[in-house]
Amino acid sequence: MNRPIDILKALRSFRYAGVGIYNLFRYENNARIHFMACILVVIAGIFFQISSIEWALIVIQIALVLAAEAINTSIEKLADLVSPEYHPVIKIVKDTAAAAVLLLAISAVIIGVIIFIPKVLLYF
Ligand SMILES: Nc1ncnc2c1ncn2[C@@H]1O[C@H](COP(=O)(O)OP(=O)(O)OP(=O)(O)O)[C@@H](O)[C@H]1O
């Protein structure tokens, strides 16, 4: 039988996720760099008055990069706990998780170039 929805439990989960977001941007250098880059992109979007579709693409890219950064950080922490010493498999695990962030960051840069370069060129 289905149990009733537990709203308090759901709210607690939101709070834990909020703590995770706070910790990510408070303690993780790469996440802070990505966050600063996102702020610059949003400022550029406002300045160049990009369209709704362009905003949607930017928001998706920002969410993808920051979410990948959060998952990468989580994997790094778990790997550090499981194997504080050097281990070749941990190296593969960490490098592969970092690769996910890099791939999404590259796609974000490409989308940014497609959206902003034509607008910047109009000024010349
Ligand atoms: N226990 C380990 N075993 C094998 N290789 C490791 C180990 N710890 C780190 N490495 C290697 O060092 C790289 C950097 O790892 P590290 O955990 O320092 O990540 P980081 O990207 O510098 O993030 P942060 O500085 O936020 O911890 C990894 O991608 C991996 O190649």
Flag if ALA108 is near the ligand (Cβ under 8 Å from one of its atoms), closer than 20 Å to GLU28 by Cβ, out of contact with any Ser or Thr (no Cβ under 9 Å at 6 or more places or on another chain) and of a type in the set (A, V, I, L, M): no
Among (1) β-branched (Val, Ile, Thr); (2) in a helix (DSSP H, G or I); (3) surrounded by fewer than 11 Cβ atoms within 10 Å (Cβ to Cβ) - the single one ILE5 does not satisfy: (2)
Subset tally (residues that are more than 9 Å from the ligand (Cβ to nearest atom), part of a helix (DSSP H, G or I) and among the polar types (S, T, N, Q)) for region 48-88: 3
Cβ pairs under 9 Å, 6+ apart, first in region 32-48 and on the phi > 0 side of the Ramachandran plot, second loosely packed, with under 14 Cβ neighbours inside 10 Å and modelled with pLDDT of 95 or more: none
Scan of region 22-47 for residues that are surrounded by fewer than 16 Cβ atoms within 10 Å (Cβ to Cβ) and over 28 Å from GLU76 (Cβ atoms), ordered by number: ILE43, ILE46, PHE47
The listed residue being of a type outside the set (Lys, Arg) and under 22 Å from GLY18 (Cβ atoms), out of LEU104, LEU64, LEU40: LEU64
Unmet requirement for ILE75, which otherwise passes all of (1) under 18 Å from the mean Cα position of the chain (by Cα); (2) surrounded by 12 or more Cβ atoms within 10 Å (Cβ to Cβ); (3) within 19 Å of ILE110 (Cα to Cα): (3)
Among the candidates VAL82, VAL113, VAL19, VAL59, residue that is aliphatic (A, V, I, L, M) and surrounded by 12 or more Cβ atoms within 10 Å (Cβ to Cβ): VAL59
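The values are calculated or read from the model by the stated rules, or taken from the named source; none is laboratory data. Here the structure is a predicted model, which means the values were calculated and not measured. Cβ: placed from backbone, ideal geometry, glycine included. Neighbour counts: every protein chain shown.
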